[in-house]
Every structure is written in structure tokens, then in C-alpha cells.
Amino acid sequence: MSTSAVLTQCPRCKQEQAKIVGDQRAVCSLCSKALRRVYQFCWACRREWQGENCSNTCDLPGCALRAALLSDVVITDPVSSVLGCPFFRACPACKNLLTHSGEGCPYIECPQCCTGFCFRCLREECDGYVGYEFDENPESDDDDDDEEYDGYSDYYCDVVKPCTVIDNSTALEALGL
Ligand SMILES: [Zn+2]
Ligand SMILES: [Zn+2]
Ligand SMILES: [Zn+2]
Ligand SMILES: [Zn+2]
């Protein structure tokens, strides 16, 4: 057996000293010492462990959703209008987990409830960007075929006043997680 333990950050003391001991379970020895009991937490959703001690599956509600929203994966495409945004967002209306294709306007529509919102600032009414969809069947100004959109995405996006990218903490609060 290898002696190098996989360490992760503890949500309580914030030290990178907690040892991963199961699929989702981790133990922090610093907090265990401070609390005089074994301090365990789910390293996916970063909350204190609530399930059976020997279980490796987190029983906390919304674990996967919270884990996705807490993930530090961000959109890194330098030409994307959603550069720097967390990879996952929760729809402000129905809390469905969503991501952005990276193309076009930051404003997206939730496929589940059809609520539109800005992927950057999470406002339903963001005036920072104006998006245009290309006409899919242009009939007026083409020569013969319509397959000539080389180099363009399907959407245009004009920047009016870039809004601030916010993290998912307010969304997590709204979800009660
Ligand atoms: Zn700790
Ligand atoms: Zn969890
Ligand atoms: Zn929705
Ligand atoms: Zn916005």
C-alpha cells in the first residue's frame, strides 16, 4: 500500500490536511483534535458527514447539486462571453443544473422551465449583453445556397456594459444548501 494519502481542504478549518477515506468521505485530524471527536465531512458537497460512519455515500440532500455548484471548474475559453464563469449554474427559477455552451450571449434559457437568465450575473434581467440569433432560413440576400456561415457561430453577442461574474454562493443560499 502506498503511504501517500489523498488530502483535501477541510470545510471547517480550511486546511488542506483532511484525508480522503472513502468515495465521498474525508476525515480532518485537526478538527477531530479540536472537537475531541472524529470530524468527518463529505468532500463533494463540503458539509459535515451525516450518514453512517462506514458508509461511503453521502446522505445529505442535494449533495450532487451542491458539489457541482461548488466545483472550481470555470469556463476558460478566452473568446467566450462567459469566460471565468463557474461551469455549472442553477436555474434561478427551478434550480435545474445548467451549463453554457460557451458560444454567443451569456443570456441562456433553462430547458426545463424556459426561464431566461444571464449566466454571468444570474439576473433574469441583465442589460449587459444583447444577443441576436441568426435567421436560420435567410431568403433575401443569398446567392444560391444558405450554407455560407463559415467562421460565425449561430449567435451574435453585443456587449453593452459587461456585467460582473458572480460565484454560486447566492445560488446555494437560495437553494437552502
Ligand atoms: Zn478541519
Ligand atoms: Zn455530500
Ligand atoms: Zn429552470
Ligand atoms: Zn449579466
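The values are calculated or read from the model by the stated rules, or taken from the named source; none is laboratory data. Just so we're clear, the structure is a prediction, and the values are computed from it rather than from any experiment. Don't worry about glycine lacking a Cβ; one is built from the backbone with ideal geometry, like all the others, and counts go over all protein chains shown.
Here are a few things to note about the model shown:
- One residue alone among Val21, Val27, Val38, Val6 is closer than 22 Å to Asp72 by Cα, among the β-branched types (Val, Ile, Thr) and surrounded by fewer than 13 Cβ atoms within 10 Å (Cβ to Cβ), and that residue is Val6.
- Near pairs, Cβ below 7 angstrom, 6+ apart or cross-chain, from the stretch 33-46 (over 17 Å from Gln9 (Cβ atoms)) to any residue that is within 12 Å of ligand 1 (Cβ to nearest atom): Val38/Val27; Val38/Ser32
- You will find that of Val27, Val38, Val74, the residue that is more than 16 Å from ligand 3 (Cβ to nearest atom) and closer than 20 Å to Cys121 by Cβ is Val74 and no other.
- The stretch 14-53, residues that are assigned to a loop (DSSP other than H, G, I, E, B) and within 9 Å of ligand 1 (Cβ to nearest atom): Lys14, Gln15, Gln17
- Enumeration of residues in the stretch 10-30 that are within 16 Å of ligand 2 (Cβ to nearest atom) and either acidic (Asp, Glu) or in contact with a Phe, Trp or Tyr (Cβ under 8 Å, 6 or more places away or on another chain) (or both): Cys10, Pro11, Arg12, Ala18, Ile20, Asp23, Gln24, Arg25, Ala26, Val27, Cys28
- Number of residues in the stretch 47-61 that are crowded, with 17+ Cβ neighbours inside 10 Å and touching a residue at least 40 places away in the same chain (Cβ under 8 Å) equals 0.
- Residue match in the stretch 90-100 (condition: aliphatic (A, V, I, L, M), under 13 Å from the mean Cα position of the chain (by Cα), within 21 Å of Leu177 (Cβ to Cβ) and away from ligand 3 (no atom under 16 Å from the Cβ)): no
Yes or no, residue by residue, for (1) at pLDDT below 85; (2) within 16 Å of ligand 3 (Cβ to nearest atom):
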residue: Leu83; (1), (2): no, no
residue: Thr115; (1), (2): no, yes
residue: Leu122; (1), (2): no, yes
residue: Glu125; (1), (2): no, yes
residue: Glu136; (1), (2): yes, no
residue: Asp141; (1), (2): yes, no
residue: Asp146; (1), (2): yes, no
residue: Asp150; (1), (2): yes, no
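- The stretch 29-42, subset hydrophobic (A, V, I, L, M, F, W, C) and within 26 Å of the chain's Cα centre (by Cα), residue farthest from Cys63 (Cα to Cα): Phe41
Conditions tested, residue by residue: (1) surrounded by 15 or more Cβ atoms within 10 Å (Cβ to Cβ); (2) assigned to a loop (DSSP other than H, G, I, E, B); (3) free of Cβ contacts under 8 Å to residues at least 60 places away in the same chain; (4) not assigned by TED's automatic domain parsing to the domain that holds Asp158.
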site	(1), (2), (3), (4)
Leu69	yes, no, no, no
Asp72	no, yes, yes, no
Pro78	no, yes, yes, no
Ser81	yes, yes, no, no
Ser101	no, yes, yes, no
Gln112	no, yes, yes, no
